[in-house]
Amino acid sequence: MEIDRRLFIASLGGTTAVSLLSDEARADALEEYMSARLNEAVAAQTPAAQSTPPAEQFPTAAELDAQIETRPSRRGVGNLFTARSGNVRRLDKMPSNARLVDFFTMRFNNTSNHCLQSATKALRSGMTEEVVLACLLHDVVQEIIKVDHGWWGAQLFEPYISEKTAFAIRYHQALRFYADPANGYEYPDLYRRIFGRDYRPEPYIEATYQMVRKHKWYGEARMVTVNDLYAFEPGVVVTIEPFLDIIGRHFKQPKEGLGYDNSPVAHMWRTIERPDAPL
Ligand SMILES: [Fe+2]
Ligand SMILES: [Fe+2]
């Protein structure tokens, strides 16, 4: 056991008081001091001591609804279009023939860390490459819109990825509201915080869940929610590098660059590239 010499001496009344003690009395005092510290350390490990932080009080759905007219923007607005505080910042010009990786490094600034962390978790737990890719892409569309982001996200990527990966992205949005403990998914506190503790999903979400859970690709969509991270992990550094091979194998990068390939979703990529365009 480590002894803080200064605190020990102070506990005995300072250096002068200690100098007045016999060697035997000093040894007794040291033993007493150590046993008191040990008791404190043990007490700190009891369940009662560890459960001291009060449980978080989650708002109700009605309380969150009442906040609508207290905000300058709606909760569903994409990250690129509004600053969390202060003003938005100038974006760097993107290269011509922009690739997915360029969007990760230059435009997915608010979502890339979360998605990279989720994909890293999926990679480490041995998921298929299609699931890893779905995790990597699952929330980045929130840079332009948050409402129904599963559907928007799947649409954004559909021309460039497999049907199965798009399915997983589209339906993770509905599945996240439904626990599946057998597969390692519990309803997260994050949703009690952002939707309200008594929130019930809309009927279209419930109907979607009922459809997806019977689908042959349920597992792929479920694994996006299992590998989704619901707590910000400070200090975790993740990069796109470990995913370059998977992107190369499973993402059909258009040679004209994303936004300029005349695909049905090219305008969505241009919107991410140029969110400052007034019209
Ligand atoms: Fe999501
Ligand atoms: Fe997510």
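The values are calculated or read from the model by the stated rules, or taken from the named source; none is laboratory data. What you see is a predicted model; the values in this text were computed from it and never measured. Because the Cβ atoms are built from the backbone with ideal geometry, glycine has one as well, and the counts that use them run over all protein chains shown.
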Enumeration of residues in the range 225-241 that are surrounded by 15 or more Cβ atoms within 10 Å (Cβ to Cβ) and more than 16 Å from ligand 1 (Cβ to nearest atom): V238, I240
Qualifying positions in the range 243-263 - surrounded by 15 or more Cβ atoms within 10 Å (Cβ to Cβ) and assigned to a helix (DSSP H, G or I): F243, I246, I247, H250
Given (1) within 30 Å of E63 (Cβ to Cβ); (2) more than 16 Å from ligand 1 (Cβ to nearest atom); (3) surrounded by 14 or more Cβ atoms within 10 Å (Cβ to Cβ); (4) hydroxyl-bearing (S, T, Y), number of the condition Y185 does not satisfy: (2)
Qualifying residue in the range 168-186 (condition: in a loop (DSSP other than H, G, I, E, B), of a type in the set (D, E), away from ligand 2 (no atom under 16 Å from the Cβ) and within 30 Å of A55 (Cβ to Cβ)): no
Failed item, numbered, when R249 is tested on (1) modelled with pLDDT of 95 or more; (2) within 16 Å of ligand 2 (Cβ to nearest atom); (3) over 26 Å from R75 (Cα atoms): (2)
Tally of residues being among the charged types (D, E, K, R) and within 13 Å of ligand 1 (Cβ to nearest atom) across the range 116-148: 4
Leading residue by the ranking (modelled with the lowest pLDDT) among those in the range 208-236 that are part of a loop (DSSP other than H, G, I, E, B) and within 16 Å of ligand 2 (Cβ to nearest atom): F232
Checklist (1) over 20 Å from F58 (Cα atoms); (2) of a type outside the set (V, I, T); (3) touching a strand residue (DSSP E or B) at 6+ places or on another chain (Cβ under 9 Å); (4) away from ligand 1 (no atom under 15 Å from the Cβ) applied to R222, failing item: (4)
Selection count where residues are more than 12 Å from Q57 (Cα to Cα) and either outside any loop (DSSP other than H, G, I, E, B) or within 19 Å of the chain's Cα centre (by Cα) (or both), scope the range 195-207: 6
Flag for K93 being under 16 Å from the mean Cα position of the chain (by Cα) and surrounded by fewer than 20 Cβ atoms within 10 Å (Cβ to Cβ): no
